[in-house]
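Note sheet for the following structure.
The values are calculated or read from the model by the stated rules, or taken from the named source; none is laboratory data. All values derive from a computational prediction rather than experimental measurement. So basically every Cβ, Gly included, is an ideal-geometry build from the backbone, and we count neighbours across all protein chains shown.
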Amino acid sequence: MGAGDASDPFRPKCDFGDAPDTYDPYADPSTQSPAVHERSELIRLGATWNREFWKIGTTGTDDTDDGLAYTPIMAPGGGGYVVQVAAFNNSGANATMIAWLDYNGNGVFDAAEAITPITVPTSASSQNFWLYWPVTTNTFSNGDFTYLRIRITAGSAGMTTSHPTGYFTNGEVEDYRILVDNFPLANHLLNFEASLQDKKVKLNWEVSEDAGLYAYEIERSRDNINWTKITTVNANGTAGTYNYESIDANPLKGISYYRLRLIESTGMNRFSPVKRITIKDLESGLIVAPNPAKDNLTIRFDAAGGGDIEISILNMQGSMQLTRKQRITAGLNNIMISLPETMSAGTYVARIVVGGEVVYKKLIVNK
């Protein structure tokens, strides 16, 4: 409320947290001040900056927390929790965004309950970010509530996970009441396919989904053990059956694996079946023999398809000693090369070009 000393008209426009008082221990001077940000239209959450001069609570009519389109339900007992937030930073420098979820229910936003701080680049447009808590062990029951806090301020302000409260000169703080319940989701992955097309991996999947499915992360692995996210595809957001497609334009050579990770409001780690892709690597499978060679040599390799091959042999000064072009077929190819009689003993380089790939092999000639 106001200070009662007629100073209200002169106070800077500030945005305060709206969670219950235990989350903002401002009544005790020995504790930190409440979460508060002075007004800056250049750094905010959602489409509007809150219009609060003092703390007015989650039911205040002048409060506009709009960084989240809606607040997902949290499962009792534990699991994960994920939500997408809209952030705006047009300050000309990076901003920092951090969120805290009181999943232990102690009425305080603990540093351990914060996500890893997110860097929000400067941009003239709003940007979306995923907030994800992989583990939310709790003792809540169906129908209970807890609270979520999101803060954004200038990166230079030095906000860390230890700052769920306190003052910053710009940015915004938003608090949300989170319902705890155990509503089931109805997301069904109908199929997931990966195919090789023009040296790119095409990924297609069909899903019967509901509003609790947020997005799909495409993951890739070299060994089917260690996985790396390569892209994210947003879900439709409404109930129905939908088809999705994505392209990995820079796939790994040799054998690699693909899978989908489904991002749901429960935070559960649900994955698609794993698909294997093999991209034949010309260099690793190409053999030049015998080596050392005397009069003849054979170039042996497995081709993914038909086309042309160009074979050149150069000396160490780069002078061409032999060049040859011919057609190849899909599958195993054995190309016989007769070395010119004028070639002297020494070290050479065999250059093989197939379908845009260039392979260099060291060649020793003994006469």
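Here SER284 qualifies as in contact with a Lys or Arg (Cβ under 9 Å, 6 or more places away or on another chain) and surrounded by fewer than 13 Cβ atoms within 10 Å (Cβ to Cβ). In the stretch 183-195, the residue that is modelled with the lowest pLDDT out of those that are part of a loop (DSSP other than H, G, I, E, B) and surrounded by fewer than 15 Cβ atoms within 10 Å (Cβ to Cβ) is PRO184.
To keep it simple, each residue is scored yes or no on (1) of a type in the set (Val, Ile, Thr); (2) assigned by TED's automatic domain parsing to the domain that holds THR232.
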site	(1), (2)
SER272	no, yes
VAL288	yes, no
PRO292	no, no
ASP295	no, no
ARG300	no, no
ALA303	no, no
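Restricting attention to the stretch 40-62, the residues that are at pLDDT below 85, touching a strand residue (DSSP E or B) at 6+ places or on another chain (Cβ under 7 Å) and closer than 23 Å to PHE129 by Cβ add up to 3. Somewhere in the stretch 251-260, is a residue crowded, with 19+ Cβ neighbours inside 10 Å, outside any loop (DSSP other than H, G, I, E, B), in contact (Cβ under 8 Å) with a residue 12 or more places away in the chain and in contact with a Phe, Trp or Tyr (Cβ under 7 Å, 6 or more places away or on another chain)? Looking for residues that are crowded, with 19+ Cβ neighbours inside 10 Å, outside any loop (DSSP other than H, G, I, E, B), in contact (Cβ under 8 Å) with a residue 12 or more places away in the chain and in contact with a Phe, Trp or Tyr (Cβ under 7 Å, 6 or more places away or on another chain), one finds at least one in the stretch 251-260, hence yes. In the stretch 253-265, what count of residues is obtained for those that are modelled with pLDDT under 90 and more than 16 Å from the chain's Cα centre (by Cα)? Total meeting the criteria: 4.
Yes or no, residue by residue, for (1) of a type in the set (Asp, Glu); (2) under 30 Å from GLY79 (Cα atoms):
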| position | (1), (2) |
| --- | --- |
| VAL274 | no, yes |
| GLY285 | no, no |
| ASN291 | no, no |
| LEU297 | no, no |
| ASP308 | yes, no |
| LEU322 | no, no |
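Considering the conditions (1) of a type in the set (Gly, Ala, Ser); (2) under 30 Å from ALA75 (Cα atoms); (3) surrounded by 20 or more Cβ atoms within 10 Å (Cβ to Cβ), SER126 is excluded by exactly one of them, (3).
Scanning the stretch 311-355 for residues that are among the small types (Gly, Ala, Ser), at pLDDT below 90 and closer than 23 Å to SER284 by Cβ gives ALA330, GLY331, GLY355. Any residue at all in the stretch 109-120 that is among the β-branched types (Val, Ile, Thr), out of contact with any Leu (no Cβ under 9 Å at 6 or more places or on another chain), farther than 20 Å from PHE16 by Cβ and surrounded by 16 or more Cβ atoms within 10 Å (Cβ to Cβ)? Yes: the stretch 109-120 contains one or more residues that are among the β-branched types (Val, Ile, Thr), out of contact with any Leu (no Cβ under 9 Å at 6 or more places or on another chain), farther than 20 Å from PHE16 by Cβ and surrounded by 16 or more Cβ atoms within 10 Å (Cβ to Cβ). Considering the conditions (1) in a strand (DSSP E or B); (2) over 17 Å from TYR23 (Cβ atoms); (3) in contact with a His (Cβ under 9 Å, 6 or more places away or on another chain); (4) of a type outside the set (D, E, K, R), VAL173 is excluded by exactly one of them, (2). Of all residues in the stretch 279-313, those being without any contact (Cβ under 8 Å) to a residue 24 or more places away in the chain and closer than 13 Å to VAL359 by Cα number 2. For the stretch 268-298, the set of residues classified as assigned to a strand (DSSP E or B) and under 36 Å from the mean Cα position of the chain (by Cα) consists of ARG270, PHE271, LYS275, ARG276, ILE277, THR278, ILE279, listed by residue number.
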